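Asks: To start, I am sharing the structure in question, which I have written as structure tokens.
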Amino acid sequence: MSSGRPDDGTDGGRPSGRNAVLAAANQGINGLGSFALTVGVARVGDVETVGHFALAYLTLQFAQITTRAGLSQEFMVHRATDGVDGLASDRDLIRSSAWVGLVGAAVAGAITLATLRGEPRSIALLLTAAFPVMAVVDCLRFVAIARGVPGQAVAQDSVRVVGFVLVMAGWTVVGRPTVLGAILVWIVMATLGMAMALISLRLRLYVPAIRAWWKARGRMALAYSSESLVNRAALYSVSYSLVWFASISAVAGFRAGSALTNLITICFAAVPMVVMPHYRARLTRSTGVVSRVYLLRIAAMGTGYVVLLTALGSVVLLNVPADIGRQILGDVWPLARESLPGLLFQTAGGSAVVGPTMVLRATARVRHSLVSSLVMAVCVMIGGMTGAALGGAPGAGWGLGFGGWVGVAFWFWVIWADGDWDPRSDRVTSRLAAAG
């Protein structure tokens, strides 16, 4: 009789402590890159310019995270399955990310040229040009971690972050940096990091056989992209709505506050990348049915970890002295501080989904994950819009948080309602068996 726990007679390919630490460090450095760019723009631009940058940068993040979800998450599920050709999978991921990045940049550039004017157009076009680079950079990070060499991902992102900080510091000494100049420096440094990673990982960029890739793996990638699409659309629509409910200055403060809370999320962003492949390898090699109680325990552990980190980080951020805040964010600091309590509540609710997401990824239950994301997106959008209408930027954060916690409860319910999991029902292993 099965105990309900996966038992294959091995340790399940447990990731080494060194690799886990390096993967976490990589996510921290990657998050610091976004934070450094936001701080750089806030220090050299006025509040209105920071607001325009915030809207354009949100759009870049929307495209980047959606691409990452579709390509990289499918890649991690596929790569962690026994019988997969790792090198071929790595090449498919990088080539597909380049293709998606180029097409996405072309479409976004055309829309930007048709709809924007003046400085907002220039900012948006520069960030649009960054999309192909950032799409490939994201995927290279996942390849390095999947190969067990996260140190190469650390080096790639360190070039971007350290290079950006050094150039901006030098520019400040000899002259007055501009917002467009800061964005351009960030893009150049990201490109250098990407080139270095491609060389060290021995990968090349060119368009893959899209039809073959789509037939084999495209449907799962599309499902994960759709999942991220609805989640980010709900989340970012609240930021865009602040232009109507409040002002462009409120958007600037909301974005700056979000950049601060992202310093917390980078502490656990590597958890799914490191832990999920380990559990997936272990679960798919299980000799018996896996109990839903065991799956819920895994999910609860992941959620408890991120909520604890968020609580500890919140105490630190809420006690940042005003003079230090102004040194970091300039004139935007008072607006960011006003939004911070609600944004921290939103960070806890939004990040708590890490646990159940990790479980549904490890068991490749794509439909359940998509439905859960749709429900959470609706809750988040209703809560955030209501909060923005009633209380501006501070209210938007509280509304997003309440909606996020309702969504998290639904994710856990889905795992419970779906019952025990049978490895023989796994869609990836079934597909590989059929192909073999």
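The values are calculated or read from the model by the stated rules, or taken from the named source; none is laboratory data. Keep in mind that this is a model prediction, so the values were computed, not measured. So basically every Cβ, Gly included, is an ideal-geometry build from the backbone, and we count neighbours across all protein chains shown.
Asks: Does A169 satisfy the criteria of being crowded, with 21+ Cβ neighbours inside 10 Å, at pLDDT 90 or above and out of contact with any Leu (no Cβ under 6 Å at 6 or more places or on another chain)?
Replies: Values: crowded, with 21+ Cβ neighbours inside 10 Å: no; at pLDDT 90 or above: yes; out of contact with any Leu (no Cβ under 6 Å at 6 or more places or on another chain): yes.
Considered against the rule, which asks whether it is crowded, with 21+ Cβ neighbours inside 10 Å, at pLDDT 90 or above and out of contact with any Leu (no Cβ under 6 Å at 6 or more places or on another chain), A169 comes out as no.
Asks: Hey, does the range 177-187 have a residue that's touching a residue at least 40 places away in the same chain (Cβ under 8 Å), in contact with a Phe, Trp or Tyr (Cβ under 8 Å, 6 or more places away or on another chain) and not in a helix (DSSP H, G or I)?
Replies: The answer is yes; a qualifying residue exists.
Asks: A further question on this structure: I'd like the full set of residues that are without any contact (Cβ under 8 Å) to a residue 60 or more places away in the chain and surrounded by fewer than 21 Cβ atoms within 10 Å (Cβ to Cβ), limited to the range 127-148.
Replies: Residue satisfying the conditions is A129 alone.
Asks: Moving on. Answer yes or no: is there a residue in the range 359-370 that is of a type in the set (A, V, I, L, M), surrounded by fewer than 23 Cβ atoms within 10 Å (Cβ to Cβ) and at pLDDT 85 or above.
Replies: no
Asks: Tell me, which residue of the range 136-157 that is more than 16 Å from the chain's Cα centre (by Cα) and among the small types (G, A, S) is nearest to A36 (Cα to Cα)?
Replies: Filtering the range 136-157 for residues that are more than 16 Å from the chain's Cα centre (by Cα) and among the small types (G, A, S), the one nearest to A36 (Cα to Cα) comes out as A155.
Asks: Going by the conditions given, is G350 of a type outside the set (A, V, I, L, M) and closer than 22 Å to V238 by Cβ? If you could, list the steps in order and put the result at the bottom.
Replies: Numbers: of a type outside the set (A, V, I, L, M): yes; closer than 22 Å to V238 by Cβ: yes.
In short, yes.
Asks: Let me ask another. Condition check: under 25 Å from V378 (Cα atoms), assigned to a helix (DSSP H, G or I) and modelled with pLDDT under 80. Does L235 satisfy that?
Replies: yes
Asks: For the range 380-422, how many residues are among the hydrophobic types (A, V, I, L, M, F, W, C), in a helix (DSSP H, G or I), over 29 Å from V332 (Cβ atoms) and more than 18 Å from the chain's Cα centre (by Cα)? Before you say what the answer is, go through the steps one by one.
Replies: Taking the range 380-422 and keeping what is among the hydrophobic types (A, V, I, L, M, F, W, C), we get 380-382, 385, 388-390, 393, 396, 398, 400, 402, 405-406, 408-417, 421.
Checking which are in a helix (DSSP H, G or I) leaves us with 380-382, 385, 388-390, 393, 396, 398, 400, 402, 405-406, 408-417.
If we keep only those that are over 29 Å from V332 (Cβ atoms) as well, we get 406, 408-417.
Still in the list and also more than 18 Å from the chain's Cα centre (by Cα): 406, 409-417.
Matching residues across the range 380-422 total 10.
Asks: Also, quick follow-up: Quickly run through the range 301-335 and pick out the residues that are outside any helix (DSSP H, G or I) and of a type in the set (A, V, I, L, M, F, W, C).
Replies: V320
Asks: Could you check the range 310-331 and list, in sequence order, the residues that are surrounded by fewer than 18 Cβ atoms within 10 Å (Cβ to Cβ) and of a type outside the set (V, I, T)? It would help to see each step written out before you state the result.
Replies: To start, the set of residues in the range 310-331 that are surrounded by fewer than 18 Cβ atoms within 10 Å (Cβ to Cβ) comprises 311-312, 315-316, 318-324, 326-327, 331.
Result: A311, L312, L318, N319, P321, A322, D323, R326, Q327, D331.
Asks: Could you give me the residue pairs with C-beta distances under 8 Å whose first residue belongs to the range 360-377 and is over 12 Å from L295 (Cβ atoms) and among the β-branched types (V, I, T), whose second residue is at pLDDT 90 or above and not in a loop (DSSP other than H, G, I, E, B) wherever it lies, and which are 6+ apart or on separate chains?
Replies: The qualifying pairs are V371/V414; V375/G407; V375/F410.
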